[in-house]
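Quick notes on the structure that follows.
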Amino acid sequence: MTRKEPLDVRELAASEVDRIEADEPPGKGFVREMWRLQAAGQSVLLVAWDGDVPVGSAQLDLRTAPVELKNLNVRADSRGRGVGTALIAAAKAWMRARGHAQLSIGAGVDNPAARRLYERVGFVGTGEVSTITYDYVDAEGISRTATETDERLIAEVS
């Protein structure tokens, strides 16, 4: 996908839930859960738009201290075009505007490309490593279980 106009990153709006959900595999329920958490004041989902097409998103989990950037996802056909960088910049701006000093993110030990991006935009490793097992619905709508080992990285946002 070639970007024709500037990328717009903004908080998920109620009117956008159905549009984004239409791109999800059946049974995934991700955007509905993100909207539920956002409406409850526990989370914010930032969505990157290329025109009227959602090309990426990232969750600010407000239930953690420091706030954690989670579920950073960029559509495969939009990778390498600055979408991830724009989402992180928007997350940092959101945090600054609300008086937060730091933002954390987990970098999968098996995902060095993501870690390079995070370090390029100011995140620094803490040495804190955790492993989590979780269930998810894949792109074909199949329920799966995954185990991930992440290192927590921290960035100053002020």
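Structure summary
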quantity	calculated
Qualifying positions in the stretch 138-155 - out of contact with any helix residue (DSSP H, G or I) (no Cβ under 9 Å at 6 or more places or on another chain) and part of a strand (DSSP E or B)	S143, R144, T145, A146, T147, E148, T149, D150, R152, I154
In the stretch 75-108, the residues that are aliphatic (A, V, I, L, M) and modelled with pLDDT under 95	A76
Test: D18 is among the acidic types (D, E), more than 26 Å from L117 (Cα to Cα) and surrounded by fewer than 13 Cβ atoms within 10 Å (Cβ to Cβ)	yes
Residue count, the stretch 72-100 (criterion: of a type in the set (A, V, I, L, M), under 12 Å from the mean Cα position of the chain (by Cα) and crowded, with 20+ Cβ neighbours inside 10 Å)	8
Condition met for A91 (closer than 14 Å to V124 by Cα and either part of a helix (DSSP H, G or I) or not basic (K, R) (or both))	no
Looking only at the stretch 94-142, and only at residues there that are acidic (D, E) and touching a residue at least 24 places away in the same chain (Cβ under 8 Å), the one that is farthest from L69 (Cα to Cα)	E140
Hits in the stretch 38-56 (condition: buried (at least 17 other Cβ atoms within 10 Å of the Cβ) and either out of contact with any Leu (no Cβ under 7 Å at 6 or more places or on another chain) or not in a helix (DSSP H, G or I) (or both))	S43, V44, L45, L46, V47, A48, W49, D50, P54, V55, G56
R10 vs. criteria under 13 Å from the mean Cα position of the chain (by Cα), exposed (fewer than 15 other Cβ atoms within 10 Å of the Cβ) and outside any helix (DSSP H, G or I)	yes
Subset of the stretch 57-71 (residues that are of a type in the set (S, T, N, Q) and either open to solvent by less than 60 Å² (accessible area, probe 1.4 Å) or outside any strand (DSSP E or B) (or both))	S57, Q59, T64
Qualifying residue in the stretch 22-35 (condition: under 24 Å from E156 (Cβ atoms), surrounded by 14 or more Cβ atoms within 10 Å (Cβ to Cβ), within 12 Å of the chain's Cα centre (by Cα) and touching a residue at least 12 places away in the same chain (Cβ under 8 Å))	no
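This table checks each residue for (1) under 23 Å from R79 (Cβ atoms); (2) open to solvent by less than 60 Å² (accessible area, probe 1.4 Å); (3) touching a strand residue (DSSP E or B) at 6+ places or on another chain (Cβ under 7 Å).
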{"site": "Q102", "(1), (2), (3)": "no, no, yes"}
{"site": "N111", "(1), (2), (3)": "yes, no, no"}
{"site": "R115", "(1), (2), (3)": "yes, no, yes"}
{"site": "V124", "(1), (2), (3)": "no, no, yes"}
{"site": "S130", "(1), (2), (3)": "no, no, yes"}
{"site": "D135", "(1), (2), (3)": "no, no, yes"}
{"site": "A139", "(1), (2), (3)": "yes, no, no"}
{"site": "T145", "(1), (2), (3)": "no, no, yes"}
{"site": "D150", "(1), (2), (3)": "yes, yes, yes"}
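The values are calculated or read from the model by the stated rules, or taken from the named source; none is laboratory data. It should be emphasised that the depicted structure is a prediction, and the values quoted were computed from it without experimental measurement. Glycine also receives a Cβ, built like all others from the backbone with ideal geometry; neighbour counts cover every protein chain displayed. For the accessible areas, the whole protein counts, side chains as well, though only heavy atoms, and no ligand, DNA or RNA atoms are used. Shrake-Rupley method; radii C 1.70, N 1.55, O 1.52, S 1.80 Å.
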